[in-house]
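S.K.: Structure incoming, see below.
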Amino acid sequence: MKLIPDLIKKITDNEIWRSVFRHGYTDTPRNRALQIISNVWLHLHPAKVREHGTKIRFTWCMGGITFFIFLFETITGILLMFYYVPDVNRAYADIVDLMYVVPFGRFLRNSHRWGAHAMVITVSIHMFRVFLTGSYKPPRQFNWVVGVVLLVLTFLLSFTGYLLPWDQLGYWAITVGTNMARATPFLGHEGPFSYILGMRPDNDIRFALLGGTLIEAPALLRAYVWHCIGIPLVASALMMVHFWRVRKDGGISGPL
Amino acid sequence: MEVRQEKKGLVEFKDDKVFTWPTLVAKEFLAAIFVTVGLLFYSYFVDAPLRELSNPGQAENPAKAPWYFLGLQEVLVYFDPWYAGVALPSIIILGLILIPYLDNNPKGNGYYTFSERKFAVTTFVFGYILWYILIYIGTALRGPFWAFFWPWEQWTHDFPTPPPLHDLPLPLGIVLLGGFYFAGLALPALVKREFFQKLGVIRYSITMGLLLTMVGTVIKMVFRLAFNVKYIIATPWINI
């Protein structure tokens, strides 16, 4: 079987290849380490990891996949932002345009939508795995806390995106969801003990969320800004902490 | 960066570590490709839902929150919104955050085991499954006016009127609820002394408080379904 080495030699042993890639890659321990630590993206990883941590049957790869879907959503989300304006007179029409007019628009919107659902699922499976392996135990307690906050942020990311198409599905889903806020004890105007703080429909916590007493233009703009800027920023910051802490807390969890 | 060097044999390490490149990176790369292909493949064939333009004057029936909140919306059948929509999710989030500080069992750190942490795994898996069962009910089995339909039944607006609900008398409700938490806190502490002593008073109380709230939520559902009880405790200020 000299086919593959021959092929590799044919492809790499010529002037064009060498003009692009100045030197080869020799598979040495040193180079394996350098591949990680001299690469700005890959040095998120340590140069070496405990072997069980590379096993799919241990990690299920769900944390990594969740992060990857977040990146996927960022890219498709940015592309969608070119075609979508969060204005109640335009929003729905923009989505219809995406579905019927914009080249690959339907594909783009579909993949963003399904990616969002997938992310909710993978992050919850990730949490399940982390629990079953007891990976929240010392010294990783705080990283579990960060993870719980990231889980909530994933829900909120998906929830704020739900309103943006400005169709009946999103509108009434957000109606149901935000109506809960008015039942908040003390802070919602229909909640228990709200009279103590003098809550009305136009000054309670639901009003603060929606920017009004009804789901109208301010609510759409708020959902949009939280969805595209606010929550992704916070989530990114917490992801940095989350990944950094995995390293600082001793790398992937494993039998002590 | 010196890269052309003599080929050396792989250095033997005593621990179980392997090089991240290529062992782990290759798997991550493959996972990323599979996820991308899967998502794009699915997106090519299945359209994201889009209904007609939003109309504040015409409510969807049933109006449903996104699927991952439908477990909570399902709880709304059995509890007032202040509990199902605000207090319960807050307690769930708080409870999840507290897990590492409540579970002081040193065993089972970093590997799969059931036998070494039966209580923790059972409790968590129960809650996890409950969350998804409620989501399934809320998503698939609730039709117009949030009426219950089996999977093989057609959703109609013509369903039998649900039986009238009644509240428990206030003293009985207080005794039941208070007794539930009191017995739930006291009995395991007396029967399972070792469990209680390992956790200590504070951890034990919070752990059991959270567990009893989860179990109590289910019990209240059973009360409603079996005995048509609307509220365990009904007062002008707050209902449970």
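S.K.: Once you place label points 7 Å from the Cα toward the Cβ at B:Asn55 and A:Ala237, how far apart are they in nm?
M.R.: Computed distance between label sites B:Asn55 and A:Ala237 equals 4.3 nm.
S.K.: Moving on. Convert each backbone phi in the range B:157-174 into a coupling constant with the Karplus relation 6.51 cos²θ - 1.76 cosθ + 1.60 (shift: θ = phi - 60°), then list the ³J(HN,Hα) values in order as whole Hz, x for Gly and Pro.
M.R.: Karplus values, whole Hz, x for Gly and Pro: 8, 10, 10, x, 5, x, x, x, 9, 9, 8, 6, x, 4, x, 4, x, 5.
S.K.: I need two numbers for the range B:38-150: Rg to one decimal and Dmax as a whole number, Cα atoms only, in Å.
M.R.: Cα-based Rg and Dmax for the range B:38-150 come out at 18.9, 57 Å.
S.K.: Which residues' amide hydrogens lie under 5 Å from the amide hydrogen of A:Asp167, considering only partners 5 or more residues apart or on another chain, with H built in the peptide plane?
M.R.: B:Ser54
S.K.: Output needed for the range B:128-229: three equivalent-ellipsoid semi-axes, defined as square roots of 5 times the C-alpha gyration tensor eigenvalues, in descending order, whole Å. Don't jump to the answer; show the numbers that get you there.
M.R.: Details: eigenvalues 259, 72, 14 Å².
Value: 36, 19, 8 Å, ordered largest first.
S.K.: Taking the range B:58-110, how much of its Cα-Cα pair set, in percent, is spaced more than 18 angstrom apart?
M.R.: Working: 698 of 1378 pairs.
It works out to 51 percent of all Cα pairs.
S.K.: Average projected area of the Cα convex hull of the protein assembly as shown, in nm²? Walk me through the numbers before you get to the answer.
M.R.: Details: hull surface 125.0 nm².
So the Cα hull casts an average projection of 31.3 nm².
S.K.: Sticking with this one: Mind checking the log10 I(q)/I(0) for the range A:62-248 at q = 0.08, 0.16 Å⁻¹? Debye, one equal scatterer per Cα, no solvent, two decimals.
M.R.: Scattering profile of the range A:62-248, log10 relative to I(0): -0.32, -1.04.
S.K.: Quick one: which of A:Lys55/B:Lys198; A:Lys9/A:Lys48; A:Lys10/B:Lys17; B:Lys64/B:Lys230; B:Lys17/B:Lys118; A:Lys55/A:Lys137 span more than 32 angstrom between C-alpha atoms? Spell out each step's value before the answer.
M.R.: Numbers: A:Lys55/B:Lys198 34 Å; A:Lys9/A:Lys48 30 Å; A:Lys10/B:Lys17 35 Å; B:Lys64/B:Lys230 22 Å; B:Lys17/B:Lys118 30 Å; A:Lys55/A:Lys137 20 Å.
The answer is A:Lys55/B:Lys198; A:Lys10/B:Lys17.
S.K.: When a/c reaches 1.5 or more, the comparison of a/b and b/c decides; with that in mind, is the range B:7-92 rounded, prolate or oblate per its Cα gyration tensor? Before the final figure, lay out each step's value.
M.R.: Values: a/c = 6.28, a/b = 2.01, b/c = 3.13.
Since a/c reaches 1.5 but b/c is at least a/b, the shape of the range B:7-92 is classed as oblate.
S.K.: In degrees from 0 to 90, rounded to the nearest 10, what is the angle of the helix A:141-163 Cα long axis to the longest principal axis of chain A?
M.R.: It works out to around 60 degrees.
S.K.: Please list, in chain and number order, the residues 5+ apart from B:Arg142 or on another chain whose amide H is under 5 Å from its amide H, with Hs placed from the backbone.
M.R.: When sequence neighbours closer than 5 places are left aside, the close amide H contacts are B:Phe149.
S.K.: Of all the C-alpha pairs in the range B:91-173, what % are more than 16 Å from each other?
M.R.: Details: 2414 of 3403 pairs.
It works out to 71 percent of all Cα pairs.
S.K.: Per-residue ellipticity at 222 nm for chain B, helices alone: DSSP H runs ≥ 4 residues times -39500 (n - 2.57), over residue total, nearest 500 deg cm²/dmol?
M.R.: Values: 6 runs with 127 residues, N = 240.
Roughly -18500 deg cm²/dmol at 222 nm, from the helical runs in chain B.
S.K.: Starting at the first residue of the range B:194-211, write each ³J(HN,Hα) from the Karplus equation 6.51 cos²θ - 1.76 cosθ + 1.60 with θ = phi - 60°, in whole Hz, x for Gly and Pro.
M.R.: 5, 4, 5, 5, 4, 7, x, 4, 5, 4, 4, 5, 5, 4, 5, x, 5, 4
S.K.: If you don't mind, there's one more thing I want to ask. What are the semi-axes of the equivalent ellipsoid of chain B, taken as the square roots of 5 times the eigenvalues of the Cα gyration tensor, listed largest first and rounded to whole Å? Show your work: numbers first, answer last.
M.R.: Details: eigenvalues 394, 220, 38 Å².
Equivalent-ellipsoid dimensions as semi-axes: 44, 33, 14 Å.
S.K.: If you don't mind, another one. Starting from the amide H of A:Gly134, placed 1.01 Å from N in the peptide plane, find each other amide H under 5 Å away whose residue is 5 or more places distant or on another chain.
M.R.: B:Gly110
S.K.: Expressed as a rounded percentage, what relative contact order does chain A have, with Cα pairs under 8 Å and six or more residues apart?
M.R.: Values: 229 pairs, mean separation 45.8, N = 256.
The normalised contact order for chain A reaches 18 percent.
Laboratory data are not the source of any read-out in this text; all were calculated from the coordinates shown. Computed from a predicted structure; not experimentally measured. With ideal geometry, Cβ positions are generated from the backbone for all residues, glycine too; neighbour counts draw on all protein chains shown.
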